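Colleague: Next up is a structure, given as structure tokens.
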Amino acid sequence: MSKNLAYKVSQELEDAVIRAKDQEKVLALRQKRDWRSRLLLGLMLLGPGVLTMIADNDAGGVMTYAQTGSAYGIGFFIPALILSGLIAYVVQEMTVRLGAVTQRGHAEMIWGRYGSFWGWFSLVDLVIANVLTLITEFIGISVGMSVFGVPSWISVSLGLIFDAFSLLVLRYYRWERLSLWIAIGNLVFVPLALMAHPHWSAVLDAFASWHIPGGFTPQFLFVILANFGTTIAPWMLFFQQSAVVDKGLTVRDIHNGRVDTAIGTAAMVLVALALITLTGSMVHGLPGSQDFNIQQILVLLGQRLGPVGEKLFALGLVEAGTIAAIALTASTSWAMGEAFGWPRSLNLPFHKAPRFYWPGLVSAVIAGGVVLIPHAPLGFLNLAVQVIASIFMPAALLFLILLLNDKELMGKYVNKGWQNISSFLIIGLLVVLNGIFGLTIIFPNLF
Amino acid sequence: MNTKVDFSLVTLETSPAKAPLTRAKLKGWVNVVFWGLRLYIFLMLVLVGYAFVHGTL
């Protein structure tokens with residue numbers, strides 16, 4: 001055995017030992033039938049699904065939902081967001097099964113099953129989109145911290161240090177627990193929505209009427225496409241599957257993985273609804289509310305809810321940027337490791353897997369650096385991420401559904417008939433919406 | 001390294017799925033779908049290039 005191979009095997013063994021310890025704890029809890037053990041088991045298996053869904057409510061998402069509520073109120077988007085949550089669940093559940101059955105990440109599956117062309121295509125798109133999305137996360141952190149008088153360079157540096165700490169210092173299970181604690185902060189928008197004293201009758205009425213304020217205009221179409229078209233971001237597929245594998249979930253854990261994903265979906269939709277309700281109640285209808293940016297919305301919330309409201313919203317924005325930055329950084333590292341066959345686990349210390357950690361760290365540093373460049377074309381970068389996602393998303397979804405129908409890989413866990421019908425309908429809808437969304441970005445006057 | 005760990009868990013849970021990953025043979029409707037995907041990507045790249053050149057992006 002060569003020295004390199006021996007080293008690689010020892011790394012994989014060390015990683016497997018740490019994972020086996022976690023699996024042993026899960027197995028021990030599975031054998032007990034009392035309610036306390038069942039609860040502990042459920043809590044232990046929470047993670048990839050909740051983190052993926054909460055990180056989807058990232059800084060960019062918070063800004064989009066807040067601006068949507070400000071511009072259009074609560075009429076249409078409350079039922080629409082529930083539908084988009086269902087779509088997200090159906091797609092993400094497939095990544096749980098794929099990861100648990102194959103014990104391989106999404107990038108590794110595409111690379112190994114469909115060859116290096118599609119492997120490179122997916123990897124390059126994913127990494128570019130991740131870096132661009134990370135930029136929006138650091139913008140969110142910077143905007144949120146500015147409410148507390150913290151200059152951009154300090155807030156971005158703190159965000160970077162925290163991101164690097166979580167990636168480098170913590171092994172998978174502790175990294176996941178820390179991330180889950182941060183994810184709870186996303187719920188801060190719920191009490192904020194309650195502080196807005198919304199008209200509950202109007203909220204309920206939204207389900208019955210699906211009312212579109214101002215009619216179906218081109219601008220409204222754009223907002224619809226932005227909300228639906230980005231319901232499932234490419235990084236989510238890669239991230240959740242990699243997390244399932246790194247956590248060591250197996251076919252026995254698929255049920256808990258589904259519960260985890262369902263809880264995450266419910267939390268994601270709840271927070272999105274809270275944001276729409278908050279700005280739909282507090283900001284919508286004011287002169288110019290159609291075009292308010294996030295800073296204007298923050299100031300208005302401060303005026304109407306008091307400084308506590310403004311600061312809570314700012315904290316929520318910082319949390320949303322932080323949790324998404326953690327997820328995106330890990331997603332980049334996992335995908336690179338899977339594509340090139342490097343040791344790829346958060347369980348390994350930096351000195352044993354530097355090639356795994358560097359891509360994530362470099363992506364975060366680039367994104368943070370761009371935010372600090374004066375007059376950086378942030379609007380263009382935001383458009384670029386949407387265009388890349390609209391080109392990449394159909395491919396990512398197609399690979400997912402093909403892999404889930406691959407009996408050789410999935411055995412009895414292959415997609416069932418109803419799962420294929422619903423997932424093909426969803427993929428068709430997302431492909432059409434992504435395509436139209438891409439067109440509207442490229443040709444703003446198309447509709 | 002903790003010697004109390006039950007290594008059987010590692011093999012039992014993961015080894016069946018860790019068989020070598022072989023390249024899928026694309027045939028029938030799957031092949032058609034892949035060509036549709038190539039066409040979609042090509043058209044989108046042409047549109048992005050057009051928009052970039054004409055300053056709408």
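Colleague: Name the single residue, out of those in the stretch B:39-51 being more than 7 Å from every other protein chain (Cβ to nearest Cβ) and surrounded by 13 or more Cβ atoms within 10 Å (Cβ to Cβ), that is farthest from A:GLY115 (Cα to Cα).
Modeller: Ranking the candidates gives B:TYR50 first.
Colleague: Could you identify the single residue in A:ILE436, A:ILE388, A:ILE421 that is open to solvent by 30 Å² or more (accessible area, probe 1.4 Å), touching an Asp or Glu at 6+ places or on another chain (Cβ under 9 Å) and assigned to a helix (DSSP H, G or I)?
Modeller: A:ILE388
Colleague: When you look at B:VAL30, is it modelled with pLDDT of 70 or more and outside any loop (DSSP other than H, G, I, E, B), yes or no?
Modeller: yes
Colleague: To continue, here is another question. Which one of these is touching a Pro at 6+ places or on another chain (Cβ under 6 Å) and closer than 30 Å to A:MET336 by Cβ: A:GLN103, A:GLN92, A:GLN23, A:GLN11?
Modeller: Step by step, each of A:GLN103, A:GLN92, A:GLN23, A:GLN11 is checked, and only A:GLN11 is touching a Pro at 6+ places or on another chain (Cβ under 6 Å) and closer than 30 Å to A:MET336 by Cβ.
So that you can scan it fast, the table gives a plain yes or no per residue for (1) closer than 21 Å to A:GLU108 by Cβ; (2) within 14 Å of chain B (Cβ to nearest Cβ); (3) open to solvent by less than 70 Å² (accessible area, probe 1.4 Å); (4) in contact with a Leu (Cβ under 9 Å, 6 or more places away or on another chain):
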site: A:ALA364; (1), (2), (3), (4): no, no, yes, yes
site: A:PRO394; (1), (2), (3), (4): yes, yes, yes, yes
site: A:LEU397; (1), (2), (3), (4): yes, yes, yes, yes
site: A:GLY428; (1), (2), (3), (4): no, yes, yes, no
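Colleague: Quick one: which residue in A:ILE154, A:ILE135, A:ILE87 is open to solvent by 30 Å² or more (accessible area, probe 1.4 Å) and more than 14 Å from chain B (Cβ to nearest Cβ)?
Modeller: A:ILE154 is the lone residue from the list that is open to solvent by 30 Å² or more (accessible area, probe 1.4 Å) and more than 14 Å from chain B (Cβ to nearest Cβ).
Colleague: Residues that are in a helix (DSSP H, G or I), among the hydrophobic types (A, V, I, L, M, F, W, C), modelled with pLDDT of 95 or more and in contact with a Gly (Cβ under 7 Å, 6 or more places away or on another chain): does the stretch A:161-171 have at least one?
Modeller: Scanning the stretch A:161-171, I find no residue that is in a helix (DSSP H, G or I), among the hydrophobic types (A, V, I, L, M, F, W, C), modelled with pLDDT of 95 or more and in contact with a Gly (Cβ under 7 Å, 6 or more places away or on another chain), so the answer is no.
Colleague: Please specify each residue of the stretch A:338-348 satisfying the condition of being under 15 Å from A:ALA16 (Cβ atoms) and open to solvent by less than 50 Å² (accessible area, probe 1.4 Å).
Modeller: Residues satisfying the conditions are A:PRO343, A:SER345, A:LEU346, A:ASN347, A:LEU348.
Colleague: Go through the stretch A:229-255 and count every residue that is in a helix (DSSP H, G or I) and buried (at least 21 other Cβ atoms within 10 Å of the Cβ).
Modeller: Residues flagged as in a helix (DSSP H, G or I) and buried (at least 21 other Cβ atoms within 10 Å of the Cβ) within the stretch A:229-255 amount to 16.
The values are calculated or read from the model by the stated rules, or taken from the named source; none is laboratory data. Please read these numbers as outputs of a predicted model, since none were measured by experiment. Glycine gets a Cβ as well: all are built from the backbone with ideal geometry, and neighbour counts include every protein chain shown. Remember, those area values only see protein heavy atoms, side chains included, never the ligands or the DNA or RNA. Shrake-Rupley method; radii C 1.70, N 1.55, O 1.52, S 1.80 Å.
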